[in-house]
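Presented below is the structure to which this report refers.
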Amino acid sequence: MMPAPARAIDVVNVTKTYRRYARRKQFATLKSAILSGTLVGDLRPEDSFHALRGVSFGVRAGSTFGIVGRNGSGKSTALKLVAGITKPTTGTVSVRGRISALIELGAGFHPEISGRENVFINGIMLGLTKREITRRFDEIVEFAELEDFIDAPVKTYSSGMYMRLGFAVAINVDPDVLLIDEVLAVGDEAFTHKCLDKFAEYRRRNKTVLLVTHALNLVERFCDEALWLDDGRARAVGDPRRVVSAYITDVEKQEERHMAEADAKAREAVERHNAAPAEPESRISRPESPRAAPPDMFQAAEGRWGSREGEITDVRLVGEDGQPARVFYSGERVAIRLSLKAAAPLDDFVIGIGIFNADGVCAFGTNTNIEDLQGERLEGEGEAVVTIDALDLVAGTYKLDVALHKLDGYPYDYHRLLYSFRVKSRTRDAGIYRPRHSWGFSGGVRVRERVAGS
Amino acid sequence: MLKNLRGLLKYRQLIQSMVARELKARYRGSVLGFFWSFINPLLLLLVYTFVFSYVLPARQPNLDPYALFLFCGILPWTWFSSSILESANVLISGGNLIKKVMFPAEVLPFVTVLANMVHFFLGLPILVGFLIYYRAPLQASELAWFPVVVLVQLVLTLGLALIVSALTVHFRDLKDILSNLVTFWFFATPIIYSMQDAPALAKRFLNGNPFTHLAISYQEILFYQGDFGHWKWLLALGAGSVALFLAGYYLFDRLRDTFAEEV
C-alpha cells in the first residue's frame, strides 16, 4: 500500500461560531473570554452565528486547492483559520510550513512613510529578516513596477500601486503555504499575467497554494482540487471541474429562482395597480386605465392592459432540455410558450412577442401578422409556441413582452416587461446581437489562440 | 504563555522597526521634524513654570528652582500618560493587522510604550541643559539609580499598556474613562507639588500611587541634594511592576484570540 501523501493543510471538522453583535452581552462575553478563553462559550444560539459548520478538508503538500462559494459562505473564514488569524470554535486546523497570506494586501503599510521603508516593515511583519528583504528588495520593487515611486510616501500611491507593492512583498516571503483571498483582481491585465506566472512557478516548485476566488476559470485551470462552501457547509470537494460545475448549476438555479420571484412581484404589483383607482401622482408612465394601451408602448414601464376578451394565462421559457428556465447560454434553443384563453371565440387576433435588453432597447419583436399568419379562431384554451433556434444575444438580462391583440392594435391582453431571463456567454462581446460568425486570416496576418481565461 | 513571552524576543526586530516607523511617521511632513520632541516638553514646561511661579507663586523655598523640580516629574509623566492613553486605542487602530495578517498583537502596545520612551529620551538633553544651567547638585552614586528608575517605569507602563489595550477592545468606554482618570492621576502624583508638603492624610493616599514613587525617585536623584533614600520603595515597586507585567501579559494572552473578532 502506498503511504498517504503528506498533507500541508489539515482541517478537521471545524466549526467557527461568531458572536452576533449584542450590547448587553458585552460583559458576559468578556468574562467568559477571560475565564475560559473563548468568546462564544456560553452564548445562546440566537446570539451566535455559524460561519463554518463541521467543515473538513485536506490539502496535499505541493498541490493547489481552490475554495469557491457565494459571498458569505465562509470562504474567507476558512482561509483565516488556516492562516491562524482566528481560532476554530471546535475542530482542529493544522498547517505544516511557513505560511504567507495574501488576504489584505498592504495591510500593515503606514501611509506617511515611503514605499521603501514600508517594504522592510511589511516584510518583517510577514516573517522575513532584514537581510532577506535587502537581498530581495530589487526584485520586489521590480515586480511591483514601482521603481520610480519607491521613495515616495505610500499615501501618494494609487490603490493599484498600493496593492501591487503589497502583493510583491507577500509573494516574496517565499512561503511553503501560500493563502490567497481574491487578490488577483488588483492589477491591470499585464500585472495579472505576472501574478499567474508567479503561481505557475510556485506550482512548479511544489509549494502549496490555497486559493479563495470567484474567478471560477482560475480554479478549473490551476487547482488540483476544489471545495465548494455553501452557508458554512462543504457541499462538494474533489475534482475542480466537477465542483465548479456543481456550483455553477446551483448559482443558476438560484438566479432563476430570484428572477422568477422578482417577476412574480412585478406582476402582482401590476395587478394591484390595475385593481386600484388610478393614482394621479404615479411617477412612471402607466396606462390610464387597465383597458387602454399607453400612448407609447415602448416607453412604458412594466404593466398589463387590455380588454381580456382573450387572455394570456401563462408564459414559460423552455430551454434545450425541455425544462422551464430563465438562464440560457447564448446560441441555445429557446421556446417561448404562451397559454391562451378566450372567454368567447375570437376570429380577429394577433399574437406577438418582444425582447428588450436592460436599457429598454428592443432586441427583437415579431407577431403572427408580420409573419403572414392570419389568426382564424381562438376558442377555449390553447397554446402558442415561438421557437428561437439560436438565442444569439450577447450576455445580459432581457425582458419579454407578450401580447394578444386585434389586427388594428386593439389590445386583448398585453404583458409589458413582466418576464425576465438572463443570457450567459463565454465571450464578452458588445452590443445586443451575437450573430454566428468566424474569423479568417490570410497573407501577412497571423494570429494565435490565447489560452482562455487569462 | 511562557512560549509566547519567549516569542517576544523573536519579534524584537519587528518591534524595533515599528518603533522607528512610528517615530519617523509622527513628524514626517512637519517643518521642525524631530525637534518637536524637544520643543513639546519645553513649551509644556514654560507654561507650567509661568503658571506656578508667577500666576500662583509656589511658597515652598525647598522647590527652588521650580522649573527644574517640575521638569523632573513632567518628563517621565508624559511618557507614562501618553503610553497608557495611546495603548487604549492601539489594537483598534491596528485592527487591520490583527484581522488580516498573522500578527503578534502584543507588539502593538509594546511599540506604543517604546516609541514614547524614545520621546522621553529625546527630552532628556533639555533636562540636562536645565541641570547644568541651575548647577544642580548631582552625585554619581545617585545617577547610577537613574537607569533603574527608567527600567521600573518601563515594566510598569508595559504591564498597564497590555491590560488597557486588551480590555479596551471589549470595553470601549475605557478610553474615555482613562482620559479622565489620567488627569486625576496627574494631580494625585507629586509632580507639581512635593511629597513633603502634602498633608499626612494625603501622604498615605499618595503612597498607594505607584507613580508617586517613580516621581520621587526622579526628584531625589536629579533635584534634591543628599543620598537616594527612596530605593526601598523603588525596588518594591519594581517587584510589583514585574508582577503586574506578568498578570497583564497573562490577561492579554487570554484575550488574544478574541481580538481578531472584536476589533
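Can A:Thr387 be described as surrounded by fewer than 16 Cβ atoms within 10 Å (Cβ to Cβ), among the β-branched types (Val, Ile, Thr) and closer than 21 Å to A:Arg267 by Cβ? Before the answer, list the steps.
Details: surrounded by fewer than 16 Cβ atoms within 10 Å (Cβ to Cβ): yes; among the β-branched types (Val, Ile, Thr): yes; closer than 21 Å to A:Arg267 by Cβ: no.
So A:Thr387 fails the test.
Report yes if B:Ile163 is under 30 Å from A:Met125 (Cβ atoms) and in a helix (DSSP H, G or I), otherwise no. Spell out the reasoning first.
On the way: under 30 Å from A:Met125 (Cβ atoms): yes; in a helix (DSSP H, G or I): yes.
So B:Ile163 fits the description; yes.
Picking from B:Pro137, B:Pro104, which residue would you name as being out of contact with any Lys or Arg (no Cβ under 7 Å at 6 or more places or on another chain), surrounded by fewer than 23 Cβ atoms within 10 Å (Cβ to Cβ) and farther than 22 Å from A:Ala107 by Cα? Lay out the reasoning, then the answer.
Values: B:Pro104 fails: farther than 22 Å from A:Ala107 by Cα.
Criteria check complete, one pass: B:Pro137.
Restricting attention to region B:11-26, the residues being at the interface with chain A (Cβ under 10 Å from one of its Cβ atoms), over 23 Å from B:Pro125 (Cα atoms) and without any contact (Cβ under 8 Å) to a residue 12 or more places away in the chain number 2.
Yes/no per residue for (1) assigned to a helix (DSSP H, G or I); (2) farther than 26 Å from B:Ala136 by Cα:
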residue	(1), (2)
B:Gln219	yes, no
B:Phe228	no, no
B:Tyr249	yes, yes
B:Phe252	yes, yes
B:Ala260	yes, yes
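Figure legend. Inter-residue proximity from region B:251-263: first residues within 7 Å of chain A (Cβ to nearest Cβ) and free of Cβ contacts under 8 Å to residues at least 12 places away in the same chain, second residues assigned to a helix (DSSP H, G or I) and basic (Lys, Arg), beta-carbon distance below 9 Å, spacing 6+ or different chains. Indicated pairs: B:Glu261/B:Lys99.
Check every one of the helices (runs of 4 or more DSSP H) wholly within region B:77-147 and list those with 2 or more residues that are away from chain A (no Cβ under 14 Å) and at pLDDT 90 or above.
Values: elements: B:95-100, B:107-133, B:140-143.
Qualifying helices (runs of 4 or more DSSP H): B:107-133.
Does region A:248-269 contain at least one residue that is more than 30 Å from A:Val169 (Cβ to Cβ), among the aliphatic types (A, V, I, L, M), touching a residue at least 24 places away in the same chain (Cβ under 8 Å) and touching a helix residue (DSSP H, G or I) at 6+ places or on another chain (Cβ under 9 Å)? Within region A:248-269 (the criterion being more than 30 Å from A:Val169 (Cβ to Cβ), among the aliphatic types (A, V, I, L, M), touching a residue at least 24 places away in the same chain (Cβ under 8 Å) and touching a helix residue (DSSP H, G or I) at 6+ places or on another chain (Cβ under 9 Å)), the answer is yes, since at least one residue qualifies.
Report yes if B:Leu158 is within 19 Å of the chain's Cα centre (by Cα), within 14 Å of another protein chain (Cβ to nearest Cβ) and either touching a residue at least 60 places away in the same chain (Cβ under 8 Å) or surrounded by fewer than 15 Cβ atoms within 10 Å (Cβ to Cβ) (or both), otherwise no.
Criteria not met by B:Leu158.
Can you confirm whether B:Leu244 is of a type outside the set (Lys, Arg), away from chain A (no Cβ under 14 Å) and out of contact with any Phe, Trp or Tyr (no Cβ under 7 Å at 6 or more places or on another chain)? Please lay out each step first, then the result.
Values: of a type outside the set (Lys, Arg): yes; away from chain A (no Cβ under 14 Å): yes; out of contact with any Phe, Trp or Tyr (no Cβ under 7 Å at 6 or more places or on another chain): yes.
Yes: the conditions hold for B:Leu244.
Condition check: hydroxyl-bearing (Ser, Thr, Tyr), under 28 Å from A:Arg60 (Cβ atoms) and modelled with pLDDT of 85 or more. Does A:Thr156 satisfy that? Judged against the criteria, A:Thr156 is not a match. Here A:Ala144, A:Ala152, A:Ala168 are screened, and the one residue that is within 14 Å of chain B (Cβ to nearest Cβ), of a type in the set (A, V, I, L, M), touching a helix residue (DSSP H, G or I) at 6+ places or on another chain (Cβ under 9 Å) and on the phi < 0 side of the Ramachandran plot is A:Ala152.
Looking only at residues of region A:313-353 that are over 19 Å from A:Glu383 (Cβ atoms) and in contact with a Gly (Cβ under 8 Å, 6 or more places away or on another chain), we find that the one that is surrounded by the most Cβ atoms within 10 Å (Cβ to Cβ) is A:Phe328.
Every condition in (1) within 14 Å of another protein chain (Cβ to nearest Cβ); (2) modelled with pLDDT of 85 or more; (3) part of a loop (DSSP other than H, G, I, E, B) is met by A:Val173 except one, and the failing one is (2).
Residue pairs whose Cβ atoms lie under 7 Å apart, separated by 6 or more positions or on different chains, with the first residue in region B:49-71 and at pLDDT 80 or above and the second among the β-branched types (Val, Ile, Thr), are B:Tyr66/B:Thr49; B:Ala67/B:Thr49; B:Leu70/B:Thr49; B:Leu70/B:Ile192. The set of residues in region A:61-104 that are within 24 Å of A:Leu165 (Cβ to Cβ), touching a helix residue (DSSP H, G or I) at 6+ places or on another chain (Cβ under 8 Å) and surrounded by fewer than 19 Cβ atoms within 10 Å (Cβ to Cβ) contains only A:Glu104. Look at region A:356-381: where a residue is free of Cβ contacts under 8 Å to residues at least 24 places away in the same chain and a partner is in a loop (DSSP other than H, G, I, E, B) and loosely packed, with under 14 Cβ neighbours inside 10 Å, sitting 6+ places away or on another chain with Cβ atoms under 8 Å, you get A:Thr368/A:Gln374. Candidates are the residues of region A:229-248 that are β-branched (Val, Ile, Thr) and under 16 Å from A:His214 (Cβ atoms); the one that is surrounded by the fewest Cβ atoms within 10 Å (Cβ to Cβ) is A:Ile248. Here is the figure for region A:414-446: residues that are more than 28 Å from A:Glu255 (Cβ to Cβ) and either among the hydrophobic types (A, V, I, L, M, F, W, C) or surrounded by 12 or more Cβ atoms within 10 Å (Cβ to Cβ) (or both) total 3. Just a yes or no: is a residue in region B:185-198 away from chain A (no Cβ under 14 Å), crowded, with 16+ Cβ neighbours inside 10 Å and farther than 28 Å from B:Pro137 by Cα? Yes, because at least one residue in region B:185-198 is away from chain A (no Cβ under 14 Å), crowded, with 16+ Cβ neighbours inside 10 Å and farther than 28 Å from B:Pro137 by Cα.
I need the full set of residues from region A:314-335 which are closer than 22 Å to A:Glu271 by Cβ, assigned to a strand (DSSP E or B) and touching a residue at least 60 places away in the same chain (Cβ under 8 Å), in order please. Hits for region A:314-335 are A:Val315, A:Leu317.
Filtering region A:395-409 to residues that are out of contact with any Leu (no Cβ under 7 Å at 6 or more places or on another chain) and crowded, with 19+ Cβ neighbours inside 10 Å leaves A:Tyr398, A:Leu400, A:Ala403, A:His405. Here B:Gly33, B:Gly7, B:Gly29 are screened, and the one residue that is of a type outside the set (S, T, N, Q), within 14 Å of chain A (Cβ to nearest Cβ), surrounded by fewer than 18 Cβ atoms within 10 Å (Cβ to Cβ) and touching a strand residue (DSSP E or B) at 6+ places or on another chain (Cβ under 9 Å) is B:Gly29. The single condition from (1) outside any strand (DSSP E or B); (2) surrounded by fewer than 20 Cβ atoms within 10 Å (Cβ to Cβ) that A:Ile121 fails is (2).
In the set (1) under 16 Å from B:Glu262 (Cβ atoms); (2) within 16 Å of the chain's Cα centre (by Cα); (3) of a type in the set (Phe, Trp, Tyr), the condition left unmet by B:Phe146 is number (1). Examine region A:97-114 for a residue that is without any contact (Cβ under 8 Å) to a residue 60 or more places away in the chain, assigned by TED's automatic domain parsing to the domain that holds A:Arg19 and of a type outside the set (Lys, Arg), and state whether such a residue exists. No - not one qualifying residue is present in region A:97-114. Inside region B:10-25, residues that are of a type in the set (Lys, Arg) and buried (at least 18 other Cβ atoms within 10 Å of the Cβ) make up a count of 1.
The values are calculated or read from the model by the stated rules, or taken from the named source; none is laboratory data. Keep in mind the model is a prediction, meaning the values are calculated, not measured. As a convention, Cβ positions derive from the backbone with ideal geometry for all residues, glycine included, and neighbour counts pool all protein chains shown.
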